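Novice: Handing you a structure now.
The values are calculated or read from the model by the stated rules, or taken from the named source; none is laboratory data. Keep in mind it's a predicted model, so treat the numbers as computed, not measured. All Cβ positions, even for glycine, are placed from backbone atoms using ideal geometry, and neighbour counts span all protein chains on display. The protein model used for the area step is the full one, side chains on, heavy atoms only, and it has no ligands, DNA or RNA in it. Shrake-Rupley method; radii C 1.70, N 1.55, O 1.52, S 1.80 Å.
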Amino acid sequence: MSNHLHIVCLDVPWPADYGGVIDMMNRIRALNRQGVKVHLHYFSYNDRGIPKELHIFCESVNVYKRRKKTECLSLSLPYIVSSRINRELTEQLNKDNHPLLLEGLHCTGILPFLKHKDRKICVRMHNNEEIYYKELARASSDLFKKIYYTTESRLIRKYLPTLPKDLMLACVSDADIRFFEAQGFTNAFLLPTYPSWQEVNSLEGMGTHCLFHGNLSVAENEEAALWLLNKVFNKVRVPFIIAGKDPGRPLQKAASLCQHTCLIRNPSDSEINDLVQKAHINVLPNFNKNITGIRLKLLHSLFSGRHCVTTPAMVSGTGLEAACHIGNNSSAIASIISQLYYKPFDEDEIRFRKTLVEPSFNNDRNTGKLLRRLW
């Protein structure tokens, strides 16, 4: 008898072109490999339609419109939650009692409308959304975005305690587990991020450049790229590449003024993979004062790149600290880059990474742990 599972995604999981979607899509693939009949439900608001690739891995695909701000203004619910409360979705889910995986706090607004009280329900907590939105507000230079992010963070803080305390919460880090347990949740467990890389394929020897990559339309990534240009690579004159999605004008201008820097806009997946693997140093600073979740670009660099240089905030609580070179400020980062740029990446470092990341981020093994909780 086949196991059927409903999955409600906050966004369409294909194309998998940013961290949260990569995590969701790789989980769907892993579930499909283990014979689970996935009934996918997702909210469409980016005009991506219904990608045909989803039908390869899913038994059924259902799409719902995310409501606009003017349709669901609330003083008690965050917009990321209220905009995804959908009657058609709850009616579909109430037709059976199959287990349910909600991708993100975003999708939990439907919980009061589900009829089967004995249903197995798990929420994938991609991070601590209260902290995430607080950090977005801090990093953003746009006044209206700053106000929106701050408001969302406050509403999420009020909303979280209304969820059932015995709700299964699949967290990406031990730090997030500790946070939710401190909030009174009794069933939080570790389900590591699902990366697209399952084997370390880093190259030995010397690379050709330093690289920063990420979604450059996200405030924290733009902040990191500008910091590297203005505080680090004005001291270290080595080839530096910034690559990512939708860089803003301030970053484009700053990169154009730095002679040894190249900005690559909207590279394809294969181009990013090539840049990560050919880099001699992947440089990934993060300035969040509060830590939540884990960044897939860090895993990408450890699975496929050579030397990885970062700041404490990027690796704190991830268990990946030993695989990185960590600097607390711009002078320290510049000094580390100067030392590593002429140091070959060797077989011992590759062997160490294999023992560190491959067991922890094995998608099939982690899917087995999830299935044992759902059935």
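Novice: Just give me the residues in segment 273-302 being touching a Lys or Arg at 6+ places or on another chain (Cβ under 9 Å), within 26 Å of Ile350 (Cα to Cα) and among the hydrophobic types (A, V, I, L, M, F, W, C), in sequence order.
Specialist: Answer for segment 273-302, where residues must be touching a Lys or Arg at 6+ places or on another chain (Cβ under 9 Å), within 26 Å of Ile350 (Cα to Cα) and among the hydrophobic types (A, V, I, L, M, F, W, C): Val276, Ala279, Ile281, Leu284, Leu302.
Novice: Can you report the number of residues in segment 262-293 which are outside any helix (DSSP H, G or I), open to solvent by less than 20 Å² (accessible area, probe 1.4 Å) and at negative phi?
Specialist: Total satisfying the criteria: 10.
Novice: Moving to a separate point now. Among the residues of segment 144-166, what is the count of those that are of a type outside the set (Val, Ile, Thr) and farther than 18 Å from Lys69 by Cα?
Specialist: The total comes to 8.
Novice: Now for a separate question. Run down Gln277, Gln259 and say which single residue is polar (S, T, N, Q) and more than 24 Å from the chain's Cα centre (by Cα).
Specialist: Sole residue among the options that is polar (S, T, N, Q) and more than 24 Å from the chain's Cα centre (by Cα): Gln259.
Novice: May I ask you to list the residues in segment 182-222 that are polar (S, T, N, Q) and more than 20 Å from Gly104 (Cα to Cα)?
Specialist: Gln198, Asn201, Ser202, Thr208, Ser217, Asn221 - these are the residues of segment 182-222 that are polar (S, T, N, Q) and more than 20 Å from Gly104 (Cα to Cα).
Novice: With the requirement that a residue be farther than 18 Å from Leu216 by Cβ, of a type in the set (Gly, Ala, Ser) and in contact with an Asp or Glu (Cβ under 9 Å, 6 or more places away or on another chain), what does segment 134-174 give you?
Specialist: Hits for segment 134-174 are Ala137, Ser153.
Novice: Right, here's the next one. Please determine whether any residue of segment 325-336 is under 30 Å from Asn97 (Cβ atoms), modelled with pLDDT under 95 and not hydroxyl-bearing (Ser, Thr, Tyr).
Specialist: Among the residues of segment 325-336, not one is under 30 Å from Asn97 (Cβ atoms), modelled with pLDDT under 95 and not hydroxyl-bearing (Ser, Thr, Tyr), which makes the answer no.
Novice: Moving on. From Phe185, Phe189, grab the single residue that is over 23 Å from His325 (Cβ atoms), within 18 Å of the chain's Cα centre (by Cα) and aromatic (Phe, Trp, Tyr).
Specialist: Answer to the selection: Phe189.
Novice: Can Leu211 be described as of a type in the set (A, V, I, L, M) and within 14 Å of the chain's Cα centre (by Cα)?
Specialist: Criteria not met by Leu211.
Novice: Another question, then. State which residue pairs qualify: first residue farther than 18 Å from Ala279 by Cα and inside segment 326-348, second residue open to solvent by 70 Å² or more (accessible area, probe 1.4 Å) and not in a helix (DSSP H, G or I) in any location, beta carbons under 8 Å apart, and separation of 6 or more residues or different chains.
Specialist: Once the first residue is farther than 18 Å from Ala279 by Cα and sits in segment 326-348, its partners that are open to solvent by 70 Å² or more (accessible area, probe 1.4 Å) and not in a helix (DSSP H, G or I) give Ser330/Lys235; Ser331/Lys235.
Novice: Testing Asp246 on (1) touching a residue at least 40 places away in the same chain (Cβ under 8 Å); (2) surrounded by fewer than 20 Cβ atoms within 10 Å (Cβ to Cβ); (3) under 30 Å from Leu191 (Cβ atoms), one condition comes back false. Which one is that?
Specialist: The single condition Asp246 does not satisfy is (1).
Novice: Just need a number here: residues in segment 251-297 that are in contact (Cβ under 8 Å) with a residue 60 or more places away in the chain and farther than 27 Å from Asn201 by Cβ.
Specialist: Total satisfying the criteria: 6.
Novice: Which of the following residues is closer than 28 Å to Thr150 by Cβ, modelled with pLDDT under 95 and touching a strand residue (DSSP E or B) at 6+ places or on another chain (Cβ under 7 Å): Arg66, Arg84?
Specialist: That would be Arg66, the only listed residue that is closer than 28 Å to Thr150 by Cβ, modelled with pLDDT under 95 and touching a strand residue (DSSP E or B) at 6+ places or on another chain (Cβ under 7 Å).
Novice: Examine segment 109-123 for a residue that is modelled with pLDDT of 95 or more and either among the acidic types (Asp, Glu) or loosely packed, with under 14 Cβ neighbours inside 10 Å (or both), and state whether such a residue exists.
Specialist: Yes, because at least one residue in segment 109-123 is modelled with pLDDT of 95 or more and either among the acidic types (Asp, Glu) or loosely packed, with under 14 Cβ neighbours inside 10 Å (or both).
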